[in-house]
Amino acid sequence: MKNILFVCLGNICRSPAAEGIFLQLLAVKNLTKHYYVDSAGIVNNHVGELPDKRTRESTKKRGIDLISHSRQIKIEDLEKFDYILCMDQSNIFNVYKLDPQNLYKDKIKLLTDFRINLNHTEVPDPYWGNESDFDLVTEILFDSCNGLLNMLEKK
Ligand code: 4NP
């Protein structure tokens, strides 16, 4: 069993979309039972909320319904999860702050490090953007989640 955590700032746009997309890729490949997948945010402003409506509309175009509720990352997550995939450098910086002794540094990575076709080195925050910004996030997440799963299944 591999434990995968996706992290963004608010856990209402990028990381819940990554969670839903990765779960769909697992389902297609019949790998669901081998993974535990979750997402969390750096801040607690949106705790308990469903993903942003614009995020849900964007993933819905690709056949994915997002049903998770926002939660804040906690120190125990660093122990529990094998891979902690952050959306941007600022998320990484803030997760590192939960790990002052650098015990878990090797688990904490940028999701886009696993990108296959796209050149984006971060997943940009779409919150203040428009529909095309949300759709770009969805595209980047599909590309990077595919690469992530390829890597995990080669191990
Ligand atoms: P996320 O996007 O980190 O992808 O969930 C954001 C959600 C909320 C806010 C910023 C980014 N906010 O400022 O409330």
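The values are calculated or read from the model by the stated rules, or taken from the named source; none is laboratory data. Here the structure is a predicted model, which is why all the values come from computation and not from measurement. Reconstructed Cβ throughout: ideal geometry from the backbone, glycine too, with neighbour counts over all protein chains shown.
Per-structure values
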{"read-out": "Residue list for segment 118-155, filter: free of Cβ contacts under 8 Å to residues at least 12 places away in the same chain and either outside any loop (DSSP other than H, G, I, E, B) or among the aliphatic types (A, V, I, L, M) (or both)", "value": "Ser132, Asp133, Lys154"}
{"read-out": "Set Gly41, Gly20: member being touching a Lys or Arg at 6+ places or on another chain (Cβ under 8 Å) and either over 16 Å from Phe114 (Cα atoms) or of a type in the set (A, V, I, L, M) (or both)", "value": "Gly41"}
{"read-out": "Top-ranked residue of segment 24-44 - restricted to ones that are in a helix (DSSP H, G or I) and out of contact with any strand residue (DSSP E or B) (no Cβ under 9 Å at 6 or more places or on another chain), ranked as surrounded by the fewest Cβ atoms within 10 Å (Cβ to Cβ)", "value": "Lys33"}
{"read-out": "Condition check for Lys107: more than 16 Å from the chain's Cα centre (by Cα), basic (Lys, Arg) and modelled with pLDDT of 95 or more", "value": "no"}
{"read-out": "Inter-residue pairs, beta-carbon under 8 Å, first in contact (Cβ under 8 Å) with a residue 12 or more places away in the chain and within 13 Å of Met1 (Cα to Cα) and in segment 22-51, second among the basic types (Lys, Arg) and not in a loop (DSSP other than H, G, I, E, B), 6+ apart", "value": "His34/Lys2; Tyr35/Lys2; Tyr36/Lys2"}
{"read-out": "Single condition Gln101 does not satisfy, out of (1) touching a helix residue (DSSP H, G or I) at 6+ places or on another chain (Cβ under 9 Å); (2) over 16 Å from Arg14 (Cα atoms)", "value": "(1)"}
{"read-out": "Residue count for segment 82-97, restricted to those that are more than 11 Å from the ligand (Cβ to nearest atom) and within 23 Å of Met1 (Cβ to Cβ)", "value": "5"}
{"read-out": "Whichever residue in segment 112-150 is farther than 16 Å from Val28 by Cα and among the acidic types (Asp, Glu) and, among such residues, is farthest from the ligand (Cβ to nearest atom)", "value": "Asp113"}
{"read-out": "Qualifying positions in segment 45-68 - within 12 Å of the ligand (Cβ to nearest atom), within 17 Å of Val137 (Cα to Cα) and part of a loop (DSSP other than H, G, I, E, B)", "value": "Pro51, Asp52, Leu66"}
{"read-out": "Of all residues in segment 15-24 being closer than 15 Å to Leu50 by Cβ and touching a helix residue (DSSP H, G or I) at 6+ places or on another chain (Cβ under 6 Å), the one that is farthest from the ligand (Cβ to nearest atom)", "value": "Gly20"}
{"read-out": "Residue that is surrounded by the fewest Cβ atoms within 10 Å (Cβ to Cβ), among those in segment 98-155 that are under 24 Å from Thr32 (Cα atoms) and touching an Asp or Glu at 6+ places or on another chain (Cβ under 7 Å)", "value": "Ile116"}
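This table checks each residue for (1) in contact with a Gly (Cβ under 9 Å, 6 or more places away or on another chain); (2) within 21 Å of Ile21 (Cβ to Cβ).
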| residue | (1), (2) |
| --- | --- |
| Leu50 | no, yes |
| Ile64 | yes, yes |
| Asn94 | no, no |
| Lys109 | no, yes |
